[in-house]
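*Asks:* Mind having a look at this structure? Questions to follow.
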Amino acid sequence: MTEGGSKFTVSPQQLAHLGEGVIAYMREMDAAELKVKFPGMPDMAPGTRLWALFAANGQPILLADGREAVLAGAFQNDLKPVSLH
């Protein structure tokens, strides 16, 4: 990346912390994807879809059956939610 003609780099560690405590992303996921992100989850029927909220660094925050509940959870935690497709 360049800024004003000078070159700078961002380490993977710095990138992982970008937006931490400020931004969260939300995504609708199916049962198979959820099992990967939430390993302790009980088995769900194939095709089950839930909404998940993740911290900027990818750590799961909450799981809900509706988009509105995930949005509310983000706002309750003073996070700016963004959608991830």
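*Asks:* Is there any pair with a first residue in the stretch 32-48 that is free of Cβ contacts under 8 Å to residues at least 60 places away in the same chain and within 13 Å of Leu63 (Cα to Cα) and a second that is charged (D, E, K, R) and surrounded by 11 or more Cβ atoms within 10 Å (Cβ to Cβ) whose Cβ atoms are under 8 Å apart and which are 6 or more apart or on different chains, and what are they?
*Replies:* Qualifying pairs under 8 Å: Met41/Lys35; Thr48/Asp30.
*Asks:* Could you look through the stretch 1-39, keep only residues that are part of a strand (DSSP E or B) and among the basic types (Lys, Arg), and pick out the one that is modelled with the lowest pLDDT?
*Replies:* Step one: of the stretch 1-39, the residues part of a strand (DSSP E or B) are 2-3, 6-7, 23-30.
Pick out the ones that are also among the basic types (Lys, Arg) and you get 7, 27.
Details: Lys7: 77, Arg27: 92.
Applying the filter and picking the extreme gives Lys7.
*Asks:* Restricting the search to the stretch 49-85, which residues are without any contact (Cβ under 8 Å) to a residue 12 or more places away in the chain and outside any loop (DSSP other than H, G, I, E, B)?
*Replies:* Leu62, Glu68, Ala72, Phe75, Gln76
*Asks:* Something else about it: Residue check: is Gly73 modelled with pLDDT of 90 or more and small (Gly, Ala, Ser)?
*Replies:* Values: modelled with pLDDT of 90 or more: yes; small (Gly, Ala, Ser): yes.
For Gly73, the condition - modelled with pLDDT of 90 or more and small (Gly, Ala, Ser) - is met.
The values are calculated or read from the model by the stated rules, or taken from the named source; none is laboratory data. Remember, it's a predicted structure, so these values are computed and weren't measured experimentally. For neighbour counting, all protein chains shown are included, and Cβ atoms are generated from backbone atoms with ideal geometry for every residue, glycine included.
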